[in-house]
Structures are given as structure tokens and as C-alpha cells.
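Scroll down for the structure; my scribbles are underneath it.
The values are calculated or read from the model by the stated rules, or taken from the named source; none is laboratory data. Just so it is clear, the model here is predicted, and its values are computed rather than measured. Positions of Cβ are generated from backbone atoms using ideal geometry, with glycine treated the same way; all protein chains shown enter the neighbour counts. Just the protein is used for accessible areas: all its heavy atoms, side chains included, with ligands, DNA and RNA removed. Shrake-Rupley method; radii C 1.70, N 1.55, O 1.52, S 1.80 Å.
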Amino acid sequence: MTKEKRILPDSNGKFGLYGGRYVAETLIPALEELDKQYQLIKLDKAFQQEVSKDLQTYVGRPSPLYFAKRWTKKLGGAKVFLKREDLNHTGAHKINNTVGQILLAKHMGKKRIIAETGAGQHGVATASVAARHGLPCVVYMGEEDINRQSLNVFRMKLLGAEVISVTSGTKTLKDAMNEAMRDWVTNVDDTYYIIGSVAGPHPYPEIVRDFNSVVGEEVITQSFEEFGKDPDVLVACVGGGSNAMGLFYPFINTKNIKLIGVEAGGLGLESGKHAAPLNDGKEGILHGMRTYLMQDEAGQIKETHSISAGLDYPGVGPEHAWLKDTGRAEYVVADDEEALEAFKELTLIEGIMPALETAHALAHVKKIAPSMKKDEVIVINVSGRGDKDINTVAKIEGINL
Amino acid sequence: MSRIKATFTNLRDQKKKALVTYLVVGDPDIKTTLDLMEVMVSKGADILELGISFSDPMAEGPTIQRAHERALENKTTLSDALDLVIQFRKKDSVTPIVFMGYMNPFEAMGAEDFCSRASKSGVDGILLVDMPPEESQDFTKATLANDLDLIRLIAPTTDENRIRKICSGSSGYIYYISLKGVTGARQFDVKEVESKVKSIKSITDIPVVIGFGIKDADSVISVKDLAEGIVVGSALVDLIAEGKNQISDKVSKKIEELSSALLRE
């Protein structure tokens, strides 16, 4: 069962066709070095203990697996459990990855941390660990995202990070990632780039997946404690796909468990205004990886749309592309309206306000749970909390805060 | 003999260095690009690198990023760039043309389709910034089949083993990146460039050109004797950006400055 785990990505950093290392020559040696150091250190007992201690005492792991009793009753079908990543320090799953990567950065002797961010959650998670380890931190964020996530921008600044506004291209996450890469290529000797999703050139998709896998690992144990068997269906939202990979990965070889990723349907697939490359995209190359992309006939990357900044990305992690092609996971969409409705429903019925990203996963569960058997179990990764989205939701409701 | 090879052979016989100039196709429009290509050649450019615009030009500094954006605002495509070369070749059948860009637009056309059209249109080589040797099987095959040169980058961070690997899959020339950074960046360290180019030359006979950070007569003079040529990009694109009606005059003066610096003892 663990055999397949070690095969992917292969030695070229590929998941089937996808992944790889499509970057300018200057960065190749840095990526090779990162891969070498990571492969060594991940087997190191002391390093594992250090990560696990930080996850426990700094992040607050394990996060609970919560039975959504009232929501389950309302949906009238499968039992719904919530994996509470929203309870983590800094409010989302993103911290799992930054806690691990900053230890790797220190181990490699790097003196400066950079990151890209969309909604700001990864930026906050990076700024937090950088503050804790006393390393200077620069976060690149699209001008557009800075405007819609001002709270997170201020959080990062309070944490001592420098937030640089990116004004090129569409001024969103993809452009922030371009700019972070440009910084890295310029300062490659002393700088560590903490990528926030299972995206980018090899070995990032592997590293970010591994550090997030703690989510799925905990679900294995907690499922036995809570309901005495494996879950039947796992559901998570997919932007770049790190929270989904974290939940799915430990279950990939348990083939009877269904894996469902939910992409941002935006204003609907037919409108073209969405962020669902696995549902309505084409294979291509961006940010150092081969994967499904939202692109036009000429190979230019298209502008995306989603109510949630964290899903507003034209690409997706290469392992998801591979899971889609092999049929191991299924990828569906939930649109803006469905997400908003699910956001409100969970808040009212369970007293848990999810992030708008997570709300996409919840919206899909609303569609499938009612027709499932009562003894079947769905586990949803509640990837983050909704506090950061209050302004967005208020604006839609026409409320001035 | 390919146009690129012929150009380097001629230059060597005359004990001269190559002036390679870069501009983005469609910045600010195709007609201007065609005019500028002719101006550049008439004032002393030996090889033309045509930037193919991409929505996410990861290795470019602000100057060339904006040029890509301007070209995309005009909806310039890879097909337009091929048509432009057909126009250019009506008057100039000698000056080599290299397409420089990012993989995705080229893949969207297809490696074989692109290379066969490029070859027929009069393109001589391609340089895909985000295509390391490990990911280049399709384009290696298609460039070979269509007699195009596949030009690759070597960086200050590239070690000797990797230089060997890169050179073994390259033709036309090697593009040495003078610094760690993006296009249009700060000054490079001449000593470092010298020692790296020496180690490349100990490994391959393929001509080497040096690019990134070369912007005026002084920077040309500081590196010109180290290799077979130099590349100037951002300094020209800057002139195009501020341009209006005097673009052609400004570019013309700049090329004169650079080519006379190359001839200086």
C-alpha cells in the first residue's frame, strides 16, 4: 500500500504527464538542492519530531473531527463530519505547510523568506512562522487581492512581514507567484521561497502535499475513534489543491473511498467566468509545472473569477491533474451562489462560519449527502474559517460595515 | 549552413562580435516591429531575437513584462509573429531570427506544427526560457526535423556537469545569463562572467553570447571580448516604451552606440 506513495512523483518530479520542472535555468540548481535536502531530512527522526512538536504546540494539532449532527439531520442522508482545520492557529490548513517548510529553510541555512499569497491565508501563515523564527519575510500579493483582503494584509504587517503589491498581469495570485519567482531568481543564494500550494516546480507539489498530509493521517485515526470505520467519501475544495491533497493523500491507495475535489464554478462553467481548470481547462505549462490550465486558444492564461480569492487561480496542482486522468478522484464545481448559500447554512445550523473556499466543498455535500445511505460517512475538510470573508459577504448583502 | 552559423563564421573571419538585439513582437504594434527590425539590421544588429508575448513572463523584469502586456493588448499571437517574419524575409534573407518566449503559447500551436511553420517562414532558432533540457523532448525532435537551432540558457548557478548536458542538446549559440536575476536587472560582475564563460568555452565550440544587464557602450565594452557576442533587450524595449513617433530614431541611435562600442579596441 505504501509502495505507490514512494513512486509519485517519479524521479523527474512527474505525476504521469504532469508536474515537472519548467523554469529558467538559474533556478534549476536551487530546485535540485531543495529536492536533495528535502529527501534527506524528511527521513530524519529529529526533524520529524521538531515538525510534529510545532504542529502540536504552535498550530494546535490534532484538529478535531466534528460530527455535524444538525446539518446531517437536515440533509437527511449520509453522516457528515467536519475536519476542523479552521481551528488551527492562523485560521486555516496553510500553517501545516509553513511550519514544515520554515524548518527546512533553517536547516538549509537560508536567511530570508518569501511567499506569494492570494486570499492572504498563506501569507499570514508564512509571516507567522517567519516571526517566530526571527527571519525577515516578504510576501507578494496581487493589488486586486490586497483590496479585497485588507484585514489579512494588516495581519501580515503586524507580524513584521513586508507586503509587496503586484501590479502586473491580472494583479491576482498567479501574478504574485510570478513576482515571487522573480525575487527568488534574484536572491537565490540566501532566500527560501515557501510556496503555499501543491503547485509550482518539483519538488514543491511533493513537499506541500507531505506537510499537509497530517490532515488525512489524523482522519484515519479519528474515523476509527468516532465511527469505527473508514469514511466513504472525502470532499475538499480545490484551488491550487493543498487542503484537498492533504486530506486525500493518505487514502489514495484505499480505493473504495471516494475522493471528490470541488472547484470554483464562479458565475457558472458556461459563463467562462470561473476558476475550474480541471472541469473546463486544457493541459499546459505555468509556474514551472505541467497541469490543467485555464487558457485561450493561443496559450495565454485566462483571467479567472471566484467569490473566494483563495480559489481564484488558473492552474491546479499536478497531482490533482493526475488523479483526475486516472479516475482516482472526481472533480466537480460549485458556483459562487451555491457557495454563499452553504456558507450561511453551516453558520446558522452548526455555529461554524467556514471560509468561502471551504463553502464550495460544503455546497457539493449538500448535493450528494441526501441521496446517500444513513450509515455512510462523508468527511469534509473545513480548510479555513470565515472571518476573513466577512467583508466580502457583507458587500454582497449590500451591508456597509 | 544555417543563417546563425553563417553569421558567426563571417563575424569570426572579420574578427568581430555579434550584436544580438531583442524586441517584443507587437510592441506597440506589428508594423512598428517590422520597421524596427529593419532599422536594427541597417545600424549593425547581427541577430534579431523576437520576444513572443506571454501572459506570465516569469523571467522578465518590469520593462519587458510591460512590453508583453502591450503586445497582448493588441492580441498579438504566435501566428502573427510568423507572418511578420515572412514579411521581413521579403527584403532580408540573411539576418538570423530567433523566437524567444515561454513554452505554453508554443505548445498551444504544437511543437511540430510550430517548427514546420517557423522553418518555412524563415525563422532560424528558438529559445524557450522555461524549457530545461529535461523537458524538451518534443521541441528537440521538432527543431531537428525542421532545421531550426535550439538555443539554450546557461546561468551563473549552472555547474560544469550541467553545462555539459545543456551544450550537448544545443545548437546555434549558447545564451549566457550574466547575473542572477530577471531581464533588465542590475550590474553584473565582470570577473564572474569571465570565469563562467571560460568554463563554458572549455566544454563547447558553440558560440556564446552574453545577455542581461547590458545596456550601453560601457557595459558592452566590459564584456565584449569574453564571448562571441552580446544581447541587448531591456535598454531597447525602454526606448520603444517611451517612444511615440521617435521610436525609430531613438532605437537607431542606440544600435549605433552599441555596435560602435563592439568595434572599439
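Please list 3J(HN,Hα) in residue order for region A:326-331, calculated via the Karplus relation 6.51 cos²θ - 1.76 cosθ + 1.60 where θ = phi - 60°; whole Hz, with x for glycine and proline.
Here the 3J(HN,Hα) series is 7, x, 5, 10, 10, 10 Hz.
Take every Cα pair under 8 Å in chain A that's 6+ residues apart, average their separations, divide by the length, and report that relative contact order as a whole percent.
Dividing the mean separation by the residue count of chain A yields 20 percent.
Where nothing but the Cβ of Lys and Arg (+1) and of Asp and Glu (-1) is charged, how large is the charge dipole of region A:215-272 around its Cα centre, in debye to the nearest 20?
180
Using alpha carbons only, how many angstrom separate the centre of region B:200-217 from the centre of region A:111-130?
After rounding, the separation between the Cα centres reads 37 Å.
Within 10 Å of each Cβ of A:295-306, how many other protein chain Cβ atoms are there on average?
Mean shielding by partner chains, rounded to a whole number: 5.
Taking only C-alpha pairs under 8 Å that are 6+ residues apart, what is the relative contact order of region B:3-263 in percent?
Over region B:3-263, the number comes to 23 percent.
I'd like to know which of B:Ala145, B:Ile200, B:Val251 lies farthest towards the positive end of the charge dipole of region B:3-263, counting +1 on Cβ of Lys and Arg and -1 on Cβ of Asp and Glu.
Sorting the options by dipole projection puts first B:Ile200.
Any idea what the alpha-carbon Rg over 2.2 N^0.38 Å comes to for the protein assembly as shown?
1.00
Add +1 for every Lys or Arg and -1 for every Asp or Glu among the other residues with Cβ under 11 Å from the Cβ of B:Ala108, and state the total.
Its environment carries a net charge of -4.
Give the average, rounded to an integer, of partner chain Cβ atoms located within 10 angstrom of each Cβ in A:164-175.
For peptide A:164-175, the averaged partner shielding equals 2.
Run the reach check for A:Lys373 against lysines, Cα to Cα strictly under 20 Å, same-chain hits fewer than 8 apart removed. What comes back?
A:Lys69, A:Lys73, A:Lys74, A:Lys79, A:Lys229, A:Lys255, A:Lys258
Taking amide H positions as placed in the peptide plane 1.01 Å from N, state which residues far from A:His305 in sequence (5 or more) or on other chains have amide H under 5 Å from it.
A:His274, A:Ala275
Starting from the Cα of B:Ile86, step 7 Å along the direction of its Cβ; do the same at B:Asp29; then give the gap between the two resulting points in nm.
In this crude spin-label approximation the distance works out to 2.1 nm.
Give me, ordered by chain and number, the residues 5 or more places off B:Ile174 or on other chains with an amide H under 5 Å from its own placed amide H.
It is B:Val208, B:Val209, by chain and number.
Ranked highest first by average number of other Cβ atoms within 10 Å, how do A:21-34, A:55-68 line up?
Packing order, densest peptide first, comes out as A:21-34, A:55-68.
Between region B:106-151 and region A:210-278, how far is it from one alpha carbon centroid to the other, in angstrom?
39
If you count the DSSP beta bridges with both ends in the protein assembly as shown, what percent of them are antiparallel, to the nearest 5?
Approximately 20 percent, going by the DSSP bridge assignments.
If you bin every alpha carbon distance in region B:3-263 into 5 Å steps from zero, what whole percent lands in each bin?
1, 6, 14, 19, 21, 19, 12, 6, 1, 0
How many percent of DSSP beta bridges within region A:132-290 run antiparallel, rounded to 5?
25
With θ set to phi - 60° and the Karplus curve 6.51 cos²θ - 1.76 cosθ + 1.60, what are the ³J(HN,Hα) couplings of region A:394-401 in order, to the nearest whole Hz, using x for Gly and Pro?
Each residue's phi maps through the Karplus curve to give 4, 4, 4, 7, x, 9, 9, 7 Hz.
Note down the net charge around B:Ile86, summing +1 for each Lys or Arg and -1 for each Asp or Glu among other residues with Cβ under 12 Å from its Cβ.
Its environment carries a net charge of +2.
Using only atoms on other chains, find how many Cβ atoms lie within 10 Å of each Cβ of peptide A:284-292 and report the average.
Partner Cβ neighbours, averaged per residue: 4.
Taking amide H positions as placed 1.01 Å from N in the peptide plane, with prolines and chain starts having none, which residues 5 or more places from A:Gly268, or on another chain, fall under 5 Å of its amide H?
Distant-sequence amide H within range of A:Gly268: A:Asp336.
For region A:296-313, in order, what is each residue's ³J(HN,Hα) by Karplus, 6.51 cos²θ - 1.76 cosθ + 1.60 with θ = phi - 60°, in whole Hz (x at glycine and Pro)?
For region A:296-313, the Karplus curve yields 8, 4, 8, x, 8, 6, 8, 5, 10, 9, 7, 5, 10, 4, x, 9, 7, 9 Hz.
Please compute the contact order of region A:217-269 in relative form: average sequence separation of alpha-carbon pairs under 8 Å and at least six residues apart, divided by the residue count, as a percent. It would help to have the intermediate numbers written out before the result.
Numbers: 50 pairs, mean separation 19.9, N = 53.
Contact order relative to length: 38 percent.
For region B:37-61, list whatever residues lose no less than 30 Å² of accessible surface once every protein chain is in place, relative to that chain by itself, with the probe at 1.4 Å.
B:Phe54, B:Ser55, B:Asp56, B:Met58
Just to be sure I understand: of the beta bridges DSSP finds with both ends in region A:20-166, what percent are antiparallel, rounded to 5?
Expressed as a percentage, antiparallel bridges in region A:20-166 total about 25.
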